[in-house]
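S.K.: Got a structure here, written out as structure tokens. Questions coming.
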Amino acid sequence: STNTSTEMFRQQLQYLRDNNYRVLTMEAFRRLLEEGEPFPQKTVLITIDDAYRSIYERAFPILKEFNYPFTVFAEASRLYADAPGAMNWAMLAEMRDWGATIANHSYHHPRLGRPKAGQTRAEYAAWVRDDLLKAQRALADHDMASDVLAYPYGEYNELVEEVARDLRS
């Protein structure tokens, strides 16, 4: 399962605190990557995928209680959909204003690593680019611009990586 109970989540964060883990912001994580040095022992980055309302209603209060930074990778289309169980832009903005990093998880949450049947390489690249760019623009339109991306379902390939890198520049 990709979900955890509120009780288990609280226990996990308490474990981090009790065992003197350092919880990084996305910016601190990026600085460590750029330095190219090994990560310090007991260092973690908390990331959450998808724009589910439960993140806002259940996880966010616990993260605030522990004062732990975190990143939400949000697929933008959900934020416009007023879908049951989905966050909205105001909820995401509240988390951003508290200090969370909001980052790109695509627009439609497609399986980017799998070209659609019959797509040429150029069509596939354009499809990936359009989805990621549309998400970047939606986040930027809501003052949540980020060049950080989590691939939906963790699926990617060389073409997806290339497109994502090109969009960062």
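S.K.: Mind telling me which of the residues ALA125, ALA138, ALA150 ends up being buried (at least 16 other Cβ atoms within 10 Å of the Cβ) and touching a Phe, Trp or Tyr at 6+ places or on another chain (Cβ under 6 Å)?
M.R.: From the options ALA125, ALA138, ALA150, the qualifying one is ALA150.
S.K.: Collect the residues in region 20-49 that are on the phi > 0 side of the Ramachandran plot and either open to solvent by 100 Å² or more (accessible area, probe 1.4 Å) or in contact with a strand residue (DSSP E or B) (Cβ under 7 Å, 6 or more places away or on another chain) (or both), keeping them in residue-number order.
M.R.: Matches in region 20-49: ASN20, LYS42.
S.K.: Also, quick follow-up: Within region 82-102, how many residues turn out to be closer than 20 Å to PHE29 by Cβ and either of a type in the set (Ser, Thr, Tyr) or surrounded by fewer than 22 Cβ atoms within 10 Å (Cβ to Cβ) (or both)?
M.R.: 4
S.K.: Also, I was wondering about something else. Looking at LEU79, LEU112, can you tell me which residue is assigned to a helix (DSSP H, G or I), modelled with pLDDT under 95, surrounded by 12 or more Cβ atoms within 10 Å (Cβ to Cβ) and in contact with a helix residue (DSSP H, G or I) (Cβ under 6 Å, 6 or more places away or on another chain)?
M.R.: Exactly one residue qualifies, and that residue is LEU79.
S.K.: While we're on this one: Residues that are open to solvent by less than 20 Å² (accessible area, probe 1.4 Å), under 19 Å from LEU13 (Cα atoms) and assigned to a helix (DSSP H, G or I): does region 63-73 have at least one?
M.R.: There is at least one residue in region 63-73 that is open to solvent by less than 20 Å² (accessible area, probe 1.4 Å), under 19 Å from LEU13 (Cα atoms) and assigned to a helix (DSSP H, G or I).
S.K.: Now for a different question. Within the set of pairs 6+ apart or on separate chains, which have a first residue in region 109-136 that is more than 19 Å from ARG165 (Cβ to Cβ), a second that is part of a helix (DSSP H, G or I) and open to solvent by 80 Å² or more (accessible area, probe 1.4 Å), and C-beta atoms under 9 Å apart?
M.R.: HIS109/TYR153; ARG111/TYR153; LYS116/GLU123
S.K.: Now, a different point. I'm told GLU94 meets every condition in (1) more than 19 Å from TYR52 (Cβ to Cβ); (2) out of contact with any strand residue (DSSP E or B) (no Cβ under 9 Å at 6 or more places or on another chain); (3) free of Cβ contacts under 8 Å to residues at least 40 places away in the same chain; (4) in a helix (DSSP H, G or I) except one. Can you identify the failing condition by its number?
M.R.: (1)
The values are calculated or read from the model by the stated rules, or taken from the named source; none is laboratory data. Since the structure is predicted, the reported quantities are computational estimates derived from the model, not experimental observations. When we count neighbours, we look across all protein chains shown, and the Cβ atoms used for this are built from the backbone with ideal geometry, even at glycine. Only protein heavy atoms, including side chains, enter the accessible area calculation; ligands, DNA and RNA are left aside. Shrake-Rupley method; radii C 1.70, N 1.55, O 1.52, S 1.80 Å.
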